[in-house]
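Engineer: Quick one: the structure is below, questions incoming.
The values are calculated or read from the model by the stated rules, or taken from the named source; none is laboratory data. Bear in mind that the values here come from a model prediction, so they are computed numbers and not experimental data. Cβ coordinates were reconstructed from backbone atoms using ideal geometry, including for glycine residues, and neighbour counts include every protein chain displayed.
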């Protein structure tokens, strides 16, 4: 496994897992019903998390598949959601590949969305529509909007690209801000708050379809290589839990159910594949490029 | 200029115009007050709006401004704008305590990191917002207060074009409404005033319509009731009757004077006829007595012939004098000769001497009507012979100036009494008395547009009449 190679350690085992699993089992037995014990699913702005319809269809698909209520938990930053996941505040979460790799020993893949036929996406470097910049090099000294310090497409790609050019990322832009949302990056660039921005290519493309008035005010000046699509992950120590096994099955079978297809359509995704940590080698490579900077 | 023009206008038009002008003034003042109130109301509304806007933003932005979180500040501003909460706010800029812009609703206009000072120059304080008629946009600067301390500034540009438009429409409707109301009221006032002032117009017409005499207002045109105007018109009628009565009295007096002078003329004529009659009878007696003496008969016949010719001349002069009363003959030297003939018996009866000087050009004399001038001169001569003592002197002078004919009659009588002088020169009615015919002379001379002078010098009284007698340039004759 690529991630295991990267980490150089076997996946963490699991007395705690056993304890937690036991506790979960006890909780499940003790629970008067599933209605009082909803499945908690963490969300990050790896997709259009501001769209109520998307959220609702996703909740409906999961609820139908799991036959229990779904509590969708949203936080401002990736770090908060990742923390919630690691602490057990949520049962599973849709995270970015970068935090997944950051905590690869504690997290396990539940599924990887398939977009346009592959479980991958790209990071876009965007500027205002009439900006004359042609690439990252033209943006030096300007203002820049990142999505999140734990976002691959919204931070890692651009920063690692800068590092690869031999420059210091913290001095490359005159000012950089975090908007904590890919859609917010597009807003910041479209409004002129910053000259450029780093955004999830999938989000930008979906935004171009759903909010063309916003996306058309920006222009993509650089696209990264294909990188592993933000995965749905859970804690490794709970990987064998029945509800997570059920979740995995529900995710993989989404194209087979009406609610699942509706959710996928709303998300502009084809399916959710089982995925593999190998998909995230590109991100891991960029992480290596940054070692020593952070 | 306008004042004079206004004063010349009829009262029935001037009064409504004045009312309309007052209406316009009242309308302007009222409009000004309405606009002032509207502007104050708009300013209060704006103050309240901006205060709510700033307060809301202060609560929402306080922590973000403290952290200098550019995105959060922008996101809050942008969502507030997108939510339509601040449609009037065309630009909101948030700056930190040092005046550096953190974010604005339009970052291109107010870039992050630049100084807010560039926008502050035209900004107004929140508690002193003023909206001028020409501004479509105003800028307000307010402190951003969080937890009781100023953490930054909020600068807001407001679109007030709708308020300006509201004021323009208000002005338009005020002007239109006032103009219509003023027009209607002025028209109504005009007709009401005209109706009220109609008796005054009637009075003015009657006063001016009669030639030299006021005309009575018929009872049918009198206003009903015992109103001021009604009393005024009745008083006018009373005065008009008095004037008429006075004129009638004067006419009768003049008539009587003419009869008096006619009587004196008749007496004079009788004397003129009687004088030769004695001689004629003597001659006829002589002819009868000395019929066989041809020389005596011839001589007597000559006497009779001369006497009869004289009688013929006297009767011709008398006839001419009466005939001229109804003709339009022009004044001529022979008229003066007729008068001389007519006045001679009067002079002879009192053994008075007559000095007769006529130097006026006949063409000049012909500019005047013969009947009137004969009447004037005869009356002056009769008056002079009456005034002059037995054996006294009477003189007539007819001369001309550039454009007047002057007739002077002089006597060495005792002079005119005050009554006679007043009769000669005053237009007012006088008691009957001395100075027979002088009233007639005054009226006739006044009718010719002439003047009468009277002076007393070294025992002699001179009455000088001057009447316009300009010879037309083209014809050199009248």
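Engineer: Name the single residue, out of those in region B:109-123 being part of a loop (DSSP other than H, G, I, E, B) and away from every other protein chain (no Cβ under 14 Å), that is nearest to residue B:93 (Cα to Cα).
Structural biologist: B:116
Engineer: Would you please list the contacts, defined by Cβ atoms under 9 Å and residues six or more apart or on different chains, that run from a residue in region B:283-296 that is touching a residue at least 24 places away in the same chain (Cβ under 8 Å) to a residue that is part of a helix (DSSP H, G or I) and surrounded by 14 or more Cβ atoms within 10 Å (Cβ to Cβ)?
Structural biologist: B:283/B:299; B:283/B:300; B:283/B:301; B:283/B:303; B:283/B:304; B:283/B:307
Engineer: Has region B:56-70 got at least one residue that is more than 23 Å from residue A:189 (Cα to Cα), touching a residue at least 40 places away in the same chain (Cβ under 8 Å), assigned to a helix (DSSP H, G or I) and within 14 Å of chain A (Cβ to nearest Cβ)?
Structural biologist: Yes, there is a match, as at least one residue in region B:56-70 is more than 23 Å from residue A:189 (Cα to Cα), touching a residue at least 40 places away in the same chain (Cβ under 8 Å), assigned to a helix (DSSP H, G or I) and within 14 Å of chain A (Cβ to nearest Cβ).
Engineer: Then there is this: Only one residue in A:266, A:271, A:239 is modelled with pLDDT of 95 or more, more than 14 Å from chain B (Cβ to nearest Cβ) and either under 15 Å from residue A:127 (Cα atoms) or surrounded by 16 or more Cβ atoms within 10 Å (Cβ to Cβ) (or both). Which one?
Structural biologist: Exactly one residue qualifies, and that residue is A:271.
Engineer: How many of the residues in region B:28-55 are touching a strand residue (DSSP E or B) at 6+ places or on another chain (Cβ under 8 Å) and either loosely packed, with under 14 Cβ neighbours inside 10 Å or within 14 Å of chain A (Cβ to nearest Cβ) (or both)?
Structural biologist: Within region B:28-55, residues that are touching a strand residue (DSSP E or B) at 6+ places or on another chain (Cβ under 8 Å) and either loosely packed, with under 14 Cβ neighbours inside 10 Å or within 14 Å of chain A (Cβ to nearest Cβ) (or both) number 0.
Engineer: Which members of region B:125-145 meet the condition of being surrounded by fewer than 18 Cβ atoms within 10 Å (Cβ to Cβ) and assigned to a strand (DSSP E or B)?
Structural biologist: B:125, B:137, B:143, B:145
Engineer: Restricting attention to region B:45-62, which residues are out of contact with any helix residue (DSSP H, G or I) (no Cβ under 8 Å at 6 or more places or on another chain) and modelled with pLDDT of 85 or more?
Structural biologist: Result: B:62, single match.
Engineer: Select from region A:103-148 the residues that are within 14 Å of chain B (Cβ to nearest Cβ) and surrounded by fewer than 17 Cβ atoms within 10 Å (Cβ to Cβ) and write down the one among them that is farthest from residue A:91 (Cα to Cα).
Structural biologist: Ranking the candidates gives A:130 first.
Engineer: Of all the residues that make up region A:69-101, how many are touching a helix residue (DSSP H, G or I) at 6+ places or on another chain (Cβ under 9 Å), surrounded by fewer than 18 Cβ atoms within 10 Å (Cβ to Cβ), outside any strand (DSSP E or B) and without any contact (Cβ under 8 Å) to a residue 60 or more places away in the chain?
Structural biologist: 2
Engineer: So, one more: Just checking, does region A:206-229 include any residue being at pLDDT 95 or above, assigned to a strand (DSSP E or B), closer than 19 Å to residue A:99 by Cβ and away from chain B (no Cβ under 11 Å)?
Structural biologist: For region A:206-229, residues at pLDDT 95 or above, assigned to a strand (DSSP E or B), closer than 19 Å to residue A:99 by Cβ and away from chain B (no Cβ under 11 Å): present.
Engineer: Still on this structure, please answer the following. List every residue pair whose Cβ atoms sit under 6 Å apart, with the two residues 6 or more apart in sequence or on different chains, where the first one lies in region A:168-195 and is at the interface with chain B (Cβ under 9 Å from one of its Cβ atoms) and the second, anywhere, is assigned to a helix (DSSP H, G or I).
Structural biologist: Once the first residue is at the interface with chain B (Cβ under 9 Å from one of its Cβ atoms) and sits in region A:168-195, its partners that are assigned to a helix (DSSP H, G or I) give A:177/B:70; A:177/B:71; A:179/A:185; A:179/A:188; A:179/B:71; A:193/B:74; A:194/A:188.
Engineer: Right, residue B:98: farther than 20 Å from residue B:49 by Cα and within 12 Å of another protein chain (Cβ to nearest Cβ) or not?
Structural biologist: In short, no.
Engineer: Also, quick follow-up: Given (1) over 17 Å from the mean Cα position of the chain (by Cα); (2) modelled with pLDDT of 95 or more; (3) outside any helix (DSSP H, G or I), identify the lone condition not met by residue A:189.
Structural biologist: Only one criterion is unmet by residue A:189, namely (3).
Engineer: Tell me whether region B:8-27 contains one or more residues that are at pLDDT 80 or above and within 14 Å of chain A (Cβ to nearest Cβ).
Structural biologist: No, every residue in region B:8-27 fails to be at pLDDT 80 or above and within 14 Å of chain A (Cβ to nearest Cβ).
Engineer: Same structure again: Looking at residue B:225 and the list (1) at positive phi; (2) assigned to a helix (DSSP H, G or I), which single condition is not satisfied?
Structural biologist: So the condition that residue B:225 fails would be (2).
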